[in-house]
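The values are calculated or read from the model by the stated rules, or taken from the named source; none is laboratory data. Model, not experiment: these values are computed from the prediction. Here the Cβ positions follow ideal geometry from the backbone for every residue, glycine too, while neighbour counts run over all protein chains shown. Accessible surface is based on the protein model in full, side chains and every heavy atom, while ligands, DNA and RNA are left aside. Shrake-Rupley method; radii C 1.70, N 1.55, O 1.52, S 1.80 Å.
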Amino acid sequence: METVAPAVLLALFAVALIAGSVDAIAGGGGLLTLPALLLAQIPPVHAMATNKLQSSFGTFTSAMSMRRKGLAGPVDMQAPFLFALAGSAVGTVTVQFIDTRALTVVVPVVLAGIAIYFIAMPKRPDRDVEPRLALAPYNSLVVPGIGFYDGAFGPGTGSFFTAAGVSLRGQRLVPASAQARMLNFATNVASLVVFAIGGKTMWLVGGIMAVGSMSGAYLGALAVSRGGARLIRPIVVVMCLGMLVQYLWRQGWLPF
């Protein structure tokens, strides 16, 4: 299973480099890496597990880079991190025993909703605003809920965390995006551990992609520190719409 041609490994490295940069800015890097793994003739479950390996390194790099630059703001991430970890672990285990066909309706609706929200979102002052949901229910319900989704399915998790932080907690876009990278790292790691226990991870392929993902994530985090909300907002919209089109196409709901 680990026998992959050098040219294919190089291509996967390049895809992970680009995806790591995109993921650090807006989320949705899996839109690039997971299809690339599948195109490399890697079985779906192994592709999902290997994708979690490389994305764990990428989200860790972007999260730490943003944290060092102070982009996440003065917030205690311990509780939401643990809730995200737990939600993802439960989701990864659960998906192996349940019928996930309901997601074929839920996922495109949510992706379209996030894109519309960021397109229509009015210009806000450069400060946090009054949250619509208190911290306790946000940490204990919303965060593990998104974590569960990532463990069970995955596309757009970083964008979901960003949108939740902005819309429910009243955060500015840059801190919401930076905190989303930390939470996405938690969900990736939890899912990776479950997959690894089941022997599904291709370590050589994932390790090579991880190097590319980390390099891209560093560049993406640097771009966020310089471009801020002006950079994040349009890329979130583009990635959500891209994921929506790809998802509808894979479901056979598009005429092309």
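Brief remarks follow.
- For the peptides 182-192, 140-150, the ranking by packing is 182-192, 140-150, with the highest mean count of neighbouring Cβ atoms within 10 Å listed first.
- Rounded accessible area per residue of the chain, 1.4 Å, Å²: 46
- Measure of compaction for segment 44-102 (Cα Rg per 2.2 N^0.38 Å): 1.44
- Here the accessible area is traced with a 1.4 Å probe on the protein chains. For the chain, carbon and sulfur cover 71 percent of it.
- q = 0.27 Å⁻¹: log10 I(q)/I(0) that the Debye formula gives for segment 175-251, counting C-alpha atoms only: -1.17
- Net charge of neighbours whose Cβ lies under 14 Å from the Cβ of Ala63, counting Lys and Arg as +1 and Asp and Glu as -1: +3
- Environment charge of Gly220, counting only residues whose C-beta is closer than 10 Å and scoring Lys/Arg +1, Asp/Glu -1: 0
- Taking N as its residue count, the alpha carbon Rg of segment 122-256 over 2.2 N^0.38 Å: 1.17
- Kyte-Doolittle mean at least 1.6 and Cα axial length at least 15 Å: DSSP H helices in the chain: 6-26, 103-120
- Of all the options Phe97, Phe60, Phe153, the one that moves most in a Gaussian network model of the chain with Cα springs shorter than 10 angstrom is Phe97.
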